[in-house]
Every structure is written in structure tokens, then in C-alpha cells.
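Read through the structure below, which is laid out as C-alpha cells, and then see the notes.
All of the numbers you see were taken from the coordinates with simple rules; none came from a lab. Keep in mind it's a predicted model, so treat the numbers as computed, not measured. Here the Cβ positions follow ideal geometry from the backbone for every residue, glycine too, while neighbour counts run over all protein chains shown.
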Amino acid sequence: MTILTVAAIALTVLISVTSVIRFAYRSPSLHVAVETAAALISLLAAQLLTVPTALLVEHITTVAPERLQELCTALNIAARC
């Protein structure tokens, strides 16, 4: 094992054995902060990784008319339109 692996294991054991750090589930304010940060990071990642619609021009497959009707029905049920 490398020194970094040993240090990570030691730090994990130290944190789990001692009560130096209050985890999110024991601290409501920290839980809110962690969840907010996670939401903001995921929104940022979604914006960075979004494909421009101009690139979505090539069809990669086709759907039979019967199957297309099934898909439309399922989408209407899911979207409640």
C-alpha cells in the first residue's frame, strides 16, 4: 500500500472514531448546506455538459408507426397532458 492509502485509511478511522466532526445527519444546517451545494454543482454540470440542439440533426434510427403510437401514449400519461 502506498503512503497516501495508509494516510486515507488512518484519517477515515480517526474521523469515524472521534466526534470531532459533526456529520450532516447530526446537524440540520450542515445537511441543508451539503444538499444545496450538491444541487448547485449538478445544475452547473448539466449546463456545462448540455449538447447544443444544432448538433442534434442526424437521425440514428426509426420507430415503427405502431410503436410510435405506444410511445406517444406513454409520454402523454407520464407528462399528464
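Summary table
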item: Debye intensity ratio in log₁₀ form over the Cα atoms of the chain, taken at each q of 0.11 Å⁻¹; result: -0.72
item: Total charge dipole magnitude, the chain, about the Cα centre, Cβ charges on Lys, Arg, Asp, Glu only, Debye to nearest 20; result: 380
item: Phi to ³J(HN,Hα) by Karplus 6.51 cos²θ - 1.76 cosθ + 1.60 over segment 52-65, Hz, x for Gly, Pro; result: x, 5, 5, 7, 9, 10, 8, 7, 9, 6, 10, 10, 4, x
item: Listed peptides 48-54, 6-12 by packing density, highest first (mean Cβ within 10 Å); result: 6-12, 48-54
